[in-house]
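J.: Have a look at this one before I ask anything.
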Amino acid sequence: MSTLTLTIVAVFVAGYVCIALESLTKVNKAAIALLMCVLCWTVYMLSPSPEIGEVLKLNLGETAETLFFLMGAMTIVEIVDANGGFNFVRDMLKTRNKRKLLWRMAFMTFILSAILDNLTTSIVMIMVLRKLVSDDTERMIYASLVIIAANSGGAFSPIGDVTTIMLWIKGMITTQGVITEIFLPSLVSMVVPAFIIQYMLKGRFDKSQNVVEGHVSAYTKTQRRIIFLFGVGGLCFVPIFRYLTDLPPYMGILLVLGVLWTTTEIFSRQYEEDDPMAKRVSDLLSRIDITTIMFFLGILMAVSCLAEVGVLTMLGKTLDETFQGNHYLVTGIIGVLSSIVDNVPLVAGCMGMYPITPTGDMAVDGIFWQLLAYCAGVGGSMLIIGSAAGVVVMGLEKITFGWYLKRITWIAFVGYLAGMASYWVIRTFIFPTV
């Protein structure tokens, strides 16, 4: 490993430690992430290669796709929420039993993340959660399970996570194969942590459990339903739009946002301009958490720099040589690593290292590819910055890295191992490898 590469790794590790110690340093994680990003790429620019400028533009373009998707999804959810669109979801989940609410939130998040994706689902569920739990500490516990359930639900669906989409498009896994064999391990990886976390909650909510509702909207019930349909229904349509047009997901999000924005502008014509109950999108845009966006930008660009210098690929090869033939260990470690760095370049590196074989563990829907889909998706739950869902919830609910590490990481790890064990049972006794 060259001196330049070692310097980049050192900068990344130092930045990562500062982010982890945010509660002690009192420096916003977004600021550290941006500094880490710029320093990594500055060191990389010392390389004599004349193509670095183009490489930087390419990585920035890929990162921007994620950021625009995130901003669009956050805005859509904010519009639906501000106009009372989630009220019926709140009423459906509402209960004074704290543990019963936990299980309802867990299963709804798990199912929605397979239909939408783990990032969008996390935003939706946090907005609903805010209407149900007013205590900040208890809401952090619920939010932590939302992260775990969203990542678990996304792992068994070909459109539930970026990594499963990558493996599905490249033909490593099929829809039937991943759903049939990964559904149960994913469910186990959510149920086991939920069972443990429920003991953090005792008793029942009092009658004032819910956040006091402000002015919902002057819109009629029919108009609110239309807004909900265009918003949440539009989010469900994004994977279909991608399939039909082959355009990236952020274009589908922008389409939904444009339709929803136009709809609310038309509805607002019947109210006075100074009426605070007419929730205009132009006003709601100010609620978007730019700090989370900046943190995402810094983390993704810093990780992309590690990928460019070959650190992640080299790491994958080292794992393969060290644990040759044991796919459970290799993919298991990759899953743990995906909670530290972005799972997308890790999976991309594995896809580049291993060819698809006609038969065996590397065949389509083979053990390696299905385990990779599971581990890369579920493994991100072990650290709060290990997945897109975690980063978004971290920003929305102000959960610190240290709080999550101390209370939730070990629980997510137990669920992760339990899911892998259930997959071993499935592959050994139910669908044995031919």
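J.: Expressed in nm to one decimal, what extension gain is obtained for the pair residue 245 and residue 362 from 0.36 nm per residue of sequence separation less their Cα-Cα distance? If you can, show how the numbers build up before the last one.
T.: Values: separation 117, 0.36 × 117 = 42.12 nm, distance 3.03 nm.
Length gained between residue 245 and residue 362: 39.1 nm.
J.: Given a 1.4 Å probe and every protein chain left where it sits, what share in percent of the accessible area of the range 379-434 is carbon and sulfur? Write down the numbers at each step before the final one.
T.: Working: 1650 of 2190 Å².
Taking all protein chains in place, the range 379-434 shows 76 percent carbon and sulfur surface.
J.: How large is the accessible surface of residue 246 in square angstrom, using a 1.4 angstrom probe and rounding to the nearest 10?
T.: 120 Å²
J.: Taking the 0 to 90 degree range and rounding to the nearest ten, how far is the long axis of helix 388-397 tilted relative to the main principal axis of the chain, both from C-alpha atoms?
T.: 40 degrees
J.: For an R0 of 30 angstrom, estimate the FRET efficiency from the Cβ-Cβ distance between residue 115 and residue 65 and round to the nearest 0.05.
T.: Working: r = 21 Å, r/R0 = 0.70.
With R0 = 30 Å, the Cβ-Cβ based efficiency is 0.90.
J.: Just from its helices, what would the mean residue ellipticity at 222 nm be for the chain, if runs of 4 or more DSSP H residues each count -39500 (n - 2.57) and the sum is divided by every residue, rounded to the nearest 500 deg cm²/dmol?
T.: Details: 22 runs with 301 residues, N = 434.
So the helix-based figure for the chain works out to -22000 deg cm²/dmol.
J.: Any idea what angle helix 118-130 forms with the longest principal axis of the chain, computed on alpha-carbon atoms, 0 to 90 degrees, nearest 10?
T.: Helix 118-130 and the main axis of the chain meet at about 40 degrees.
J.: Further question on the same structure: Roughly how many nanometres apart are two label points built 7 Å out from the Cα toward the Cβ at residue 58 and residue 4?
T.: 1.6 nm
J.: Around residue 93, what is the net charge, scoring Lys/Arg as +1 and Asp/Glu as -1 over all other residues with Cβ under 10 Å from its Cβ? Let's see the in-between values first.
T.: On the way: positive: 90, 94, 100, 104, 131; negative: 91.
Residues near residue 93 contribute +4 overall.
J.: Could you list the residues of the range 88-106 with an amide nitrogen less than 16 Å from a label point located 7 Å from the Cα of residue 135 in the Cα-to-C-beta direction?
T.: 95-103
J.: Compute the long axis of helix 136-155 from its Cα atoms, compare it with the longest principal axis of the Cα atoms of the chain, and write down the angle in degrees, 0 to 90, nearest 10.
T.: Long axis of 136-155 versus the principal axis of the chain: about 50 degrees.
J.: Next question, about the same structure. I'm spelling it out carefully: the read-out is semi-axes √(5λ) of the Cα gyration tensor in Å, the candidates are [x] 44, 38, 19; [y] 52, 25, 19; [z] 35, 26, 22, and one was derived from this structure. Which label?
T.: [z]
J.: Oh, and also: Note the full-extension length gain between residue 107 and residue 184 as 0.36 nm times their separation in residues minus their Cα-Cα distance, in nm to one decimal. Please list the in-between numbers first.
T.: Working: separation 77, 0.36 × 77 = 27.72 nm, distance 1.33 nm.
Answer, rounded to one decimal: 26.4 nm.
J.: Sticking with this one: With the full set of protein chains in place, find how many percent of the accessible area of the range 1-154 is carbon and sulfur; take the probe as 1.4 Å.
T.: Reported share for carbon and sulfur atoms: 67 percent.
J.: Right, next: Enter the accessible area per residue of the chain (Å², integer; probe 1.4 Å; all protein chains in place).
T.: Numbers: 18830 Å² over 434 residues.
Solvent-accessible surface per residue comes out at 43 Å².
J.: Beyond a 23 Å Cα-Cα separation, which of these cross-linked pairs lie in this structure: 131/221; 29/100; 98/398; 26/98; 29/406; 100/131?
T.: Among 131/221; 29/100; 98/398; 26/98; 29/406; 100/131, the Cα-Cα distance tops 23 Å for 29/100; 26/98.
The values are calculated or read from the model by the stated rules, or taken from the named source; none is laboratory data. Given the structure is predicted, the values throughout are model-derived calculations rather than measurements. FYI the Cβ positions are ideal-geometry reconstructions off the backbone, even for glycines, and counts take in every protein chain you see. Remember, those area values only see protein heavy atoms, side chains included, never the ligands or the DNA or RNA. Shrake-Rupley method; radii C 1.70, N 1.55, O 1.52, S 1.80 Å.
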